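Contents: one structure, followed by commentary.
Derivation of every value follows stated rules applied to the coordinates shown; laboratory data play no part. In this text, all values refer to a predicted model and were calculated from it rather than measured experimentally. FYI the Cβ positions are ideal-geometry reconstructions off the backbone, even for glycines, and counts take in every protein chain you see.
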Amino acid sequence: PHIGVKAVSRDFLHLVTSRDHPLARKESVTAGDLRDVPLFLTLRQTRTGFYDALLGACRAAGFTPDIRTDVIQMPFILNIAVMERGAAFLPKFLDRIAPPGTIFRPCRFLPKQALAMPLSLAYRAEDSSPLVRNFIACAGSQRSPGDIMRVDLTARFK
């Protein structure tokens with residue numbers, strides 16, 4: 001089968017910590033501030049540009065980051081980073097499911113293109129059912145990943 005892909009939205013990775021973490025008190029975080037901070041990241045293969053930019057920024061600041069885990073599931077990373085008093089880089093729309101006291105800070109020390117996280121919809125291209133076509137149209141009309149999480153699709157498909 002042929003797979004269709006539609007770019008739906010784009011979010012940017014943010015530095016995520018608990019409100020009790022020393023980084024949460026900083027207005028702006030530098031790569032050097034991550035020295036000795038456990039980092040919980042997604043697999044390098046899922047965001048090669050980000051991963052390489054982060055490693056490069058840390059090495060330029062004179063250290064190798066303390067990467068504790070490489071997993072795919074962002075909700076897991078969100079919770080473990082906050083519970084283990086470390087930090088993570090996750091999209092802002094996850095603030096809707098974050099534990100109380102979680103802080104999301106924009107990351108200004110990495111290039112914006114390394115932080116960009118496109119959200120795409122993959123579907124069977126030959127499926128012309130109204131359900132699939134309406135879902136693609138509805139998802140494409142949202143402004144941000146957070147809008148997609150909030151949209152009520154039930155009304156659209158009645």
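Database remark: amide H of residue 67 closer than 5 angstrom to the amide H of 39 (H placed geometrically; neighbours at sequence offset of 5 or more, or on other chains; Pro and chain starts carry no H). Bridge orientation summary for the chain: considering DSSP beta bridges with both residues in this region, about 70 percent are antiparallel. A cut-off of 5 Å between modelled amide H atoms, ignoring neighbours fewer than 5 places along the same chain, links residue 18 with 103. Pair-distance distribution of the chain: all C-alpha pairs, bin width 10 Å, starting at 0; shares per bin in whole percent are 10, 35, 30, 16, 8, 1. About the centre of its Cα atoms, region 1-64 shows a dipole size close to 160 debye [charges on the beta carbon of Lys, Arg (+1) and Asp, Glu (-1) only; nearest 20 debye]. Each principal axis of region 12-64 carries a Cα extent, and these read 31, 23, 18 Å when sorted largest first. A full extension of the chain between residue 128 and residue 45 corresponds to an added length of 26.6 nm, given 0.36 nm per residue minus the alpha carbon distance.
Placing unit charges on the Cβ atoms of the charged side chains and taking the dipole of the chain about its Cα centre, the candidate lying farthest along the positive direction among 90, 45, 140 is 140. Relative to the Cα centre, the charge distribution of the chain, modelled as +1 at Lys and Arg Cβ and -1 at Asp and Glu Cβ, gives a dipole magnitude of about 360 debye. Distance between the modelled labels on residue 136 and residue 95, one decimal in nanometres: 3.3 nm (7 Å Cα→Cβ projection). Each stretch of four or more DSSP H residues adds -39500 (n - 2.57); spread over every residue of the chain, this sum gives -8000 deg cm²/dmol at 222 nm.
The lysine pair tally for the chain, using Cα distances under 25 Å and a gap of 8 or more places or different chains, is 6.
Available extension along the chain between residue 7 and residue 64 is 17.1 nm, counting 0.36 nm per residue and deducting the alpha carbon span.
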